[in-house]
Structures are given as structure tokens and as C-alpha cells.
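The values are calculated or read from the model by the stated rules, or taken from the named source; none is laboratory data. All values reported here derive from a predicted model rather than from experimental measurement. As a convention, Cβ positions derive from the backbone with ideal geometry for all residues, glycine included, and neighbour counts pool all protein chains shown.
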Amino acid sequence: MNATPSRIYLDNAATSWPKPPAVYDAVDHYQRHVGAAAGRSAYRDSTDVAAQIAETRRRAAELIGAPRGRSVIFTCNGTESLNLALHGTLRPGDHVVTSASEHNSVLRPLRYLHDTAGVQVTVVPCDHRGLIDPDAVAAAIRPETRMIAMIHASNVTGAIQPIREIGCLARDHEVLFLVDAAQSLGHIPVDVQACHIDLLAAPGHKGLLGPLGTGILYATPEAEQRLRPLRQGGTGTNSENEIHPCVYPDGFEAGNLNVPGVIGMLAALRFLEHPGLDARRKHEQELTRQLIDGFSAIRGVTVLGPREASSQVGVVSITLDDYDPQEVAAMLDATEGIQVRSGLHCAPRIHAALGTRDRGGAIRFSTGPFNTSDEVHRAVHAIAELSAAGPPS
């Protein structure tokens with residue numbers, strides 16, 4: 001009987017694993033020795049928690065080039081951040097420009113708002129790499145356009161979008177610019193001021209290396225004026241008033257915060273400062289280049305996306321002739337302990353553009369800071385063996 005293969009985790013685009021040891025330690029220490037809620041009491045443990053929450057906001061703001069920590073709202077994940085940005089700002093009759101590269105966390109709220117509130121949506125196409133043309137975005141802007149909603153890096157091809165150019169378009173037309181940074185934050189530089197980003201949504205558990213159940217939404221003062229809370233309740237402020245306060249950011253965080261998650265995110269943000277983004281990006285590009293070069297040399301494999309490590313984050317998706325993507329993922333896990341994502345990746349429009357939607361999508365390999373060259377080599381070798389053997393009869 002064969003021994004269970006050692007685990008090779010290449011699904012970091014879904015959630016990062018492993019986390020830095022400091023993240024585990026911080027969450028465990030809070031749970032075992034503190035346990036106090038944030039912003040609800042005046043005793044020392046509670047005020048210490050509040051100080052750590054404030055530090056997490058400040059460090060998150062610094063990471064994205066935001067001028068103030070209070071511009072960061074904590075959410076339970078990137079999807080909630082995007083829903084808050086979309087449902088909280090768009091009104092009946094508004095028009096939104098988005099793209100075929102988007103995740104369902106953008107597409108589905110927009111479809112809901114279209115069906116229930118009359119929000120109009122224009123979806124600009126992407127090319128065979130998953131890239132969006134800023135000229136197509138400019139051509140889609142109308143007098144009633146209130147928002148451009150755009151992904152920063154594709155979760156299918158890894159393609160990095162030209163958000164600086166698109167942000168300039170949004171500024172020139174005086175429309176809000178919402179960026180989905182789920183696959184970029186923590187991987188590549190993000191500067192909300194340089195790119196004229198009004199709203200930036202991201203999970204805390206992917207490139208930021210924090211725990212699941214965490215996310216952030218950044219908003220400029222201009223976006224704050226339009227943004228409405230999606231839930232009402234206790235905030236620890238203005239408790240004498242039955243009208244929910246619009247104090248920022250407390251008014252958007254009704255109920256108890258996920259303090260263990262935010263404390264873990266703080267430990268992750270501290271970790272990310274050393275060795276720094278440049279070193280992590282160099283490591284990611286080396287592994288990405290290794291994946292692209294290795295897969296490109298295998299008969300029957302098609303590599304999707306830019307095929308240039310400098311033009312994408314650490315996401316490489318492939319198809320393998322005569323194999324169903326789900327079948328490949330199951331075989332990799334069962335025989336080699338290699339864990340990858342297969343299917344449509346909650347992004348059906350980009351798969352339609354790539355020609356992979358009707359064949360069940362693709363097989364996605366996504367690296368993280370703790371992956372090694374040897375793990376990538378083993379993944380490439382496993383695909384080469386599947387290609388040589390052919391699918392089971």
C-alpha cells in the first residue's frame with residue numbers, strides 16, 4: 001500500500017496556506033488569554049484590543065498608500081467588501097462599467113442591482129490573456145455612469161490590469177473607481193492615490209496572509225459621502241440613538257468585530273514588512289516563470305493568460321487535452337498530494353472569452369510565499385506524466 005503523499009499546496013489564490021507562524025500565535029494568544037470585544041468596554045484588555053484594531057487599520061492603510069487608517073472598514077471577506085461598495089453606493093438609474101474578467105463577487109451583485117433596482121451595467125470584453133483595454137472602458141462611459149468596477153489581477157489568468165490608466169479615466173469623468181484587489185494586495189504594489197482608486201476591496205486571508213473570515217474596504221472621503229451601511233445595530237457609539245450612526249468606520253461595522261481574525265491580520269501585516277514586497281514579488285515571479293516554462297514544454301497542455309511572469313501574479317491556469325479539469329485536480333491530489341483549483345473559478349465570463357467555459361474551465365496553480373521551486377517542479381512533472389499516460393479508459 002502506497003504511503004500518503006506529502007501535501008503540496010498550490011491553491012493560494014483561494015486562500016493562503018500556511019500562514020506565518022506569528023499569525024497562529026497571535027490568534028491563539030488572543031483566544032486563550034484576552035477574549036475581550038473591541039470598542040465595548042473601558043477595562044484594560046478591551047482598550048488594548050481597540051488599540052490593536054486601530055493599528056491594523058493604520059498598517060492596512062499604509063500598505064495601499066492611503067493617508068489615514070479610518071478609511072479602512074473591516075469586513076468578513078472580499079465578497080462582503082465588494083457587496084458593501086456596490087450595494088452601498090449605487091442607486092436606481094446609475095450606470096456601471098465593468099469587465100468580462102470579473103469574479104462573481106462583482107458580477108452577481110451587479111446583476112442583482114440591475115434586476116431589482118434598475119442599475120445599468122456595461123461589461124467590456126477582455127482579450128485572450130484576460131486583459132482589459134482602457135479604450136474600451138472609455139468608450140463605455142456614459143453621462144449616467146457612476147462607477148467603474150474593475151479587477152486588479154485576474155484570478156484565472158493572473159493578468160495584471162492597467163488600473164492606473166483606468167483610474168485616470170474615472171477621475172477625468174468624475175465617476176467612482178472600485179478595484180477588486182483580491183489577487184493583487186500583498187503580491188504587487190497597490191497605491192490608491194496614484195491610481196485614483198475611490199474604493200478598494202480585498203480579503204485579509206489571501207495575499208495579506210491573515211486568517212479566513214477577514215477583509216477590508218478602503219474608501220476615499222468622496223466615496224464615504226455616498227456609501228451607506230448594509231446592516232444596522234450596535235457600534236459602541238451613539239448608543240442612546242435608535243438611528244444608526246454614519247460615523248466612519250464604526251457605522252459600517254455593526255455588531256462585534258471578528259477580533260481574532262483582525263488580530264491575526266495585524267500579525268500578518270507586520271510579517272509582510274520583512275523581507276518586503278520586492279523580495280516576495282521576485283520569489284513569486286521565479287515560481288510563475290518556472291510553471292509557465294514547464295507547462296509550455298508539455299504536449300497537450302495549453303497555458304492560459306499572459307505567459308509572462310512580469311505581467312501576472314502567481315496564478316497560472318492550464319488545460320490538458322482529453323482531460324476534464326476536475327479529473328486532473330482529483331488525480332493530482334490522490335496520487336501526488338498536489339492541491340490545485342479546477343473549474344470556472346467563479347469567473348464564467350473570462351472562461352467564455354478564453355474558450356474554456358464549455359469544457360469545464362481550467363486547472364489553476366497559484367503560488368504563495370512559502371512554496372518552493374521543488375514543489376513547482378513536482379507539479380509540472382505530474383502534469384507531464386498525466387499527458388504521457390493519457391486519460392483512463
Residues satisfying the stated conditions in segment 251-279, i.e. buried (at least 18 other Cβ atoms within 10 Å of the Cβ), modelled with pLDDT under 95 and either small (Gly, Ala, Ser) or assigned to a helix (DSSP H, G or I) (or both): Gly251, Phe252
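Mind listing whichever residues of segment 70-79 are within 14 Å of Leu200 (Cβ to Cβ) and assigned to a helix (DSSP H, G or I)? Walk me through it before giving the result.
As a first pass, look at segment 70-79 and keep what is within 14 Å of Leu200 (Cβ to Cβ): 71-75, 78.
Scanning segment 70-79 gives Ser71, Gly78.
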Among (1) of a type in the set (A, V, I, L, M, F, W, C); (2) more than 30 Å from Val72 (Cβ to Cβ); (3) more than 20 Å from the chain's Cα centre (by Cα) - the single one Ala309 does not satisfy: (3)
Some residue of segment 86-93 being part of a helix (DSSP H, G or I) and within 18 Å of the chain's Cα centre (by Cα): yes
Number of positions in segment 279-304 that are over 20 Å from Ala384 (Cβ atoms) and within 19 Å of the chain's Cα centre (by Cα): 4
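Considering every residue within segment 84-100, establish whether at least one is within 19 Å of Val190 (Cα to Cα), touching a residue at least 40 places away in the same chain (Cβ under 8 Å) and assigned by TED's automatic domain parsing to the domain that holds Ile197. Working first, answer last.
Step one: list which residues in segment 84-100 are within 19 Å of Val190 (Cα to Cα), which gives 85.
Next cut, touching a residue at least 40 places away in the same chain (Cβ under 8 Å) only: 85.
Within this subset, residues satisfying the condition of being assigned by TED's automatic domain parsing to the domain that holds Ile197 are 85.
For segment 84-100, residues within 19 Å of Val190 (Cα to Cα), touching a residue at least 40 places away in the same chain (Cβ under 8 Å) and assigned by TED's automatic domain parsing to the domain that holds Ile197: present.
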Close pairs from segment 170-184: first without any contact (Cβ under 8 Å) to a residue 40 or more places away in the chain and outside the structural domain of His205 (by TED's automatic domain parsing), partner in a loop (DSSP other than H, G, I, E, B) and hydrophobic (A, V, I, L, M, F, W, C), Cβ under 9 Å, at least 6 apart: none
Which numbered condition Ala51 fails, given (1) surrounded by 16 or more Cβ atoms within 10 Å (Cβ to Cβ); (2) of a type in the set (Gly, Ala, Ser); (3) assigned to a helix (DSSP H, G or I): (1)
Top-ranked residue of segment 101-127 - restricted to ones that are hydroxyl-bearing (Ser, Thr, Tyr) and free of Cβ contacts under 8 Å to residues at least 40 places away in the same chain, ranked as surrounded by the fewest Cβ atoms within 10 Å (Cβ to Cβ): Thr116
Single residue of Asp191, Asp180 found to be under 24 Å from Pro92 (Cβ atoms), under 16 Å from the mean Cα position of the chain (by Cα) and at pLDDT 95 or above: Asp180
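Could you tell me which of the residues Ile383, Ile298, Ile292 is of a type in the set (Val, Ile, Thr), part of a helix (DSSP H, G or I) and surrounded by fewer than 23 Cβ atoms within 10 Å (Cβ to Cβ)? Break it down stepwise before answering.
On the way: Ile383 fails: surrounded by fewer than 23 Cβ atoms within 10 Å (Cβ to Cβ); Ile298 fails: part of a helix (DSSP H, G or I).
Result of the check over Ile383, Ile298, Ile292: Ile292.
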Options Ala136, Ala140, Ala100: the member that is within 27 Å of Gly207 (Cα to Cα) and either more than 16 Å from the chain's Cα centre (by Cα) or of a type outside the set (D, E, K, R) (or both): Ala100
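Do any strands (runs of 3 or more DSSP E) entirely within segment 100-189 hold 2 or more residues that are at negative phi and touching a Ser or Thr at 6+ places or on another chain (Cβ under 6 Å), and if so, which? Can you show your working first?
Working: elements: 120-124, 145-151, 176-180.
Correct list: 120-124, 145-151.
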Matching residues in segment 213-250 - criterion: being in a strand (DSSP E or B) and of a type in the set (Asp, Glu): none
Single residue of segment 3-34 satisfying the filter (assigned to a helix (DSSP H, G or I) and in contact with a Phe, Trp or Tyr (Cβ under 8 Å, 6 or more places away or on another chain)) that is surrounded by the most Cβ atoms within 10 Å (Cβ to Cβ): Val23
